[in-house]
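To start, the structure itself, in structure tokens.
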Amino acid sequence: MRTNALDVLLIVLVCLIWAGNYYVVQGVLAYVDPFTFALLRAVLGGVFIFAIGGYVIRGITKRDLRWLLAMGLLNISLFLILLNLSLLSVKPGVDSTLIYTQPVFVAALSPLVGDTLTRNRKIGIAAAFGGIIVIFLPSIVASRFVVGDVYALAGALSWATAVALFKRWQPTISVIGITSLQSLIGGVFIVPSLLFEKPFLDPVLDFWLYLGYNVILASGLAMVMYWRVLSHMSAAQFTSYFFLVPVFATIMGSIFQLSIPPVNELAGTVLVALGIVAVNR
């Protein structure tokens, strides 16, 4: 399946937004509990997307609603809660490595949705994931196993399962309708989780800035672009690009600190790039 330049540009833009979001989520959790933040991100993101094009949900069927319920549970509520919980106890570098095992899970599930894992794709996915390990090897070695590791891996699996389900679904509504409705449905699933922790929220300016980034960029525009490209690209090919997210996050960290990336980060970035090229040949 040939990839056009616009698809690549949109995927890279999504990766940049989500890479920056690691720093945003780390910052916002000082002002709000993880469950309340997941709820706000899901519901407000869904409302934002619905406001800019929700009318396109006309023609939705009962079958679509069943798929949307599954997507809302797996891709929104479970993933956001698990991501937020993992970032409470795991360093961002290690957490991003674990979350972005998602393409590996997608590759394992791809035969279930009719995708063919060619030799190039297997080699490419292995090389790209190896590059992520090389980049974060010092952080991984220095860290001890914590429960946040389990949350991160569970989040990766939930996200990968949602991708596989989407490839089996043949929706009758547009990607804007899909994105807005699954976010709103996911928000409904998040509500009961508020019983497990005493909600708190400190509405300072920094909180609103972090929330705005999540609602408008990470959960809004990025998700619309995400589903748009996934709707016509193979799952394994598409998710291979998301190995770029922890790479971009690392590069951003170096820029913020005005430092030159160490050798392991440069070598890992090269491996990731080669892996993505191999998957998309």
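The values are calculated or read from the model by the stated rules, or taken from the named source; none is laboratory data. Here the structure is a predicted model, which means the values were calculated and not measured. Because the Cβ atoms are built from the backbone with ideal geometry, glycine has one as well, and the counts that use them run over all protein chains shown.
Could you grab the pairs with beta carbons closer than 7 Å, sequence gap of 6+ or different chains, first residue in the stretch 223-235 and within 23 Å of G124 (Cα to Cα), second one part of a helix (DSSP H, G or I) and of a type outside the set (A, V, I, L, M, F, W, C)?
Sorted first by the residue in the stretch 223-235, then by its partner, the pairs are W227/T179; V229/D7; M233/D7; A235/S110; A235/K167.
Scan the stretch 160-175 for residues that are more than 16 Å from the chain's Cα centre (by Cα) and either in a helix (DSSP H, G or I) or of a type in the set (D, E) (or both) and jot them down.
Correct list: K167, R168, V175.
Out of all the residues in the stretch 6-21, which are over 15 Å from the mean Cα position of the chain (by Cα) and at pLDDT below 90?
Answer for the stretch 6-21, where residues must be over 15 Å from the mean Cα position of the chain (by Cα) and at pLDDT below 90: L6, D7, V8.
On the given criteria, is Y241 modelled with pLDDT under 85, within 30 Å of V47 (Cα to Cα) and part of a helix (DSSP H, G or I)?
yes
Quick check, is I57 buried (at least 16 other Cβ atoms within 10 Å of the Cβ), at pLDDT below 80 and under 20 Å from S183 (Cα atoms)?
Yes: the conditions hold for I57.
Out of contact with any strand residue (DSSP E or B) (no Cβ under 6 Å at 6 or more places or on another chain), over 21 Å from A249 (Cα atoms), surrounded by fewer than 23 Cβ atoms within 10 Å (Cβ to Cβ) and modelled with pLDDT under 80: is that true of L205 in this structure?
no
In contact (Cβ under 8 Å) with a residue 40 or more places away in the chain, more than 21 Å from L40 (Cβ to Cβ) and not in a strand (DSSP E or B): is that true of I178 in this structure?
no
Mind listing whichever residues of the stretch 163-184 are of a type in the set (A, V, I, L, M) and buried (at least 22 other Cβ atoms within 10 Å of the Cβ)?
Residues satisfying the conditions are V163, I178, L181.
Is at least one residue of the stretch 22-29 of a type outside the set (S, T, Y), modelled with pLDDT of 85 or more, closer than 18 Å to V163 by Cα and assigned to a helix (DSSP H, G or I)?
Scanning the stretch 22-29 turns up no residue that is of a type outside the set (S, T, Y), modelled with pLDDT of 85 or more, closer than 18 Å to V163 by Cα and assigned to a helix (DSSP H, G or I).
What number goes with the only condition from (1) modelled with pLDDT of 85 or more; (2) under 20 Å from Y23 (Cβ atoms); (3) surrounded by 24 or more Cβ atoms within 10 Å (Cβ to Cβ) that S77 does not pass?
For S77, the failing item is (2).
Test A42 against the criterion of being under 21 Å from S158 (Cβ atoms), within 19 Å of the chain's Cα centre (by Cα), surrounded by 20 or more Cβ atoms within 10 Å (Cβ to Cβ) and at pLDDT 90 or above, and give yes or no.
It is true that A42 is under 21 Å from S158 (Cβ atoms), within 19 Å of the chain's Cα centre (by Cα), surrounded by 20 or more Cβ atoms within 10 Å (Cβ to Cβ) and at pLDDT 90 or above.
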